[in-house]
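Report on one structure; see the data block that follows.
None of the figures in this text is laboratory data; all of them are computed from the coordinates on show. Computed from a predicted structure; not experimentally measured. A quick note on method: Cβ atoms are made from the backbone with ideal geometry, for glycine too, and the neighbour counts reach across all protein chains shown.
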Amino acid sequence: MIRHAVGLDVGGTKTTVALGRYDDAAPWDSLELLSQHEMATGSGRDDPAELLGRCTPLIGQYLNADRDAIIGISLGGPLDRCRGVIGSPPHLPGWHGLAIVDAISTRFGREAALEHDGVASALAEARWGAGRGLENVVYLTFGTGLGAGLILHGAPYRGRGFSGEIGRTPVQPGSEETYELYCSGWGLAVRARARGLTDAEADPRVLAERARGGEPRARQLYEESARGLGGLLSLLVNLLNPDCIAIGGIFTYQRDLLWPRAREYASLGAWPQAWEGCRVVPSALGRRIGHYAGIAAALEKRFGPPCG
């Protein structure tokens, strides 16, 4: 039977609402993305009601395609997937404690599901992107913030419900410097401002242009990011021995500034056999990852194992 899923992916910078169609006999293999709409998250970072109000007409329009459609929500952690409650995502300060699944289900009268955006993106990348056909896939967000999603032995790994928060891990024990400081747009901007750059100059897009032009401070910032990313990659490779690590967000369009040196640093710290067997690639879904992440959350709710 042909069915539909609506995906809502809420990020610190942009939000996506998408509609997908699939055959429930083979949902992951048959998915077709029918429509998507992006908007700036804007003031919705502090006011979920404002953002959800902007999304409501689109979601309602997409739900007209199928009265049994499920709504999948992809959003940064920490969160409680099974209860459908958001924790305290640093890039969405106004969303703390929001019971978003109940709110969405009540508003639209449809089943809804919540998933950590790292896991939802990892599912999307493993099913439809760079990790297709592979058993063990790691996805790194490298966007406004840094998160991770793990697909191990073909299934999402969530631990006790709090996995993927790699961005908050200190680079060295006892240090206040975390991997997110080096592997995210937020971290780039923080380090740039600490060197005296203005907010406009600290924008990652501006920093990339300056780094490509040879500006020393910008080049140094990307050298530091490459070192941090290399260390993170060696940690993941040694710990998980994955088939593939796909990196999204900023990495997909600033790879030339990050990968050459990150690869060198990673190879220094990674176990050689594990490093040689792991492909590290930009996200194949690229800027479209948000279009698929919410739909992946919906399909995982409907066809994956139950919570608990």
With each run of n ≥ 4 DSSP H residues scored as -39500 (n - 2.57), what mean residue ellipticity at 222 nm is computed for the chain after dividing by its residue count and rounding to the nearest 500 deg cm²/dmol?
-12500 deg cm²/dmol
Peptides 195-206, 279-290 ordered by average Cβ neighbours within 10 Å, highest first:
279-290, 195-206
Give the separation of the Cα centroids, the range 47-69 to the range 175-247, in Å.
35 Å
When VAL237, VAL119, VAL190 are ordered from fewest to most other Cβ atoms inside 10 Å of their Cβ, what list results?
VAL190, VAL237, VAL119
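Sort TRP95, TRP28 so the one with the fewest other Cβ atoms within 10 Å of its own Cβ comes first.
Fewest to most other Cβ atoms nearby, the residues stand as TRP28, TRP95.
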Once phi is turned into θ = phi - 60°, what whole-Hz ³J(HN,Hα) does the Karplus curve with 6.51, -1.76 and 1.60 give for every residue of the range 183-199, x standing for Gly and Pro?
10, 7, x, 4, x, 4, 5, 4, 5, 5, 5, 5, 9, x, 7, 6, 4
As a test, work out the antiparallel percent of DSSP beta bridges whose residues both lie in the chain, rounded to the nearest 5.
60 percent
Can you tell me the order of 212-220, 256-264 when each peptide is scored by its average per-residue count of other Cβ atoms within 10 angstrom, highest first?
256-264, 212-220
Can you pull out the cysteines in the chain that have no other Cys Cβ under 4.7 Å?
CYS55, CYS183, CYS244, CYS278
I need to check one value: relative contact order of the chain, counting alpha carbon pairs closer than 8 Å and at least 6 residues apart, in percent.
20 percent
Could you point to the label whose value was computed as P(r) over Cα pairs in 20 Å bins from 0, in percent for the structure here, given (1) 30, 59, 11, 0; (2) 35, 57, 8; (3) 32, 53, 14, 0?
(2)
Taking 8 Å as the Cα distance limit and 6 or more residues as the minimum spacing, I'd like the relative contact order of the range 50-137 as a percentage.
26 percent
Which ordering of SER184, SER175, SER234 is given by a fewest-first count of other beta-carbon atoms within 10 Å?
SER175, SER234, SER184
Can you tell me the relative contact order of the range 185-308? Whole percent, Cα pairs under 8 Å, sequence separation 6 or more.
24 percent
Evaluate the charge dipole of the chain about its Cα centre and quote only its size in Debye, nearest 20, assuming +1 on the Cβ of each Lys and Arg and -1 on the Cβ of each Asp and Glu.
220 debye
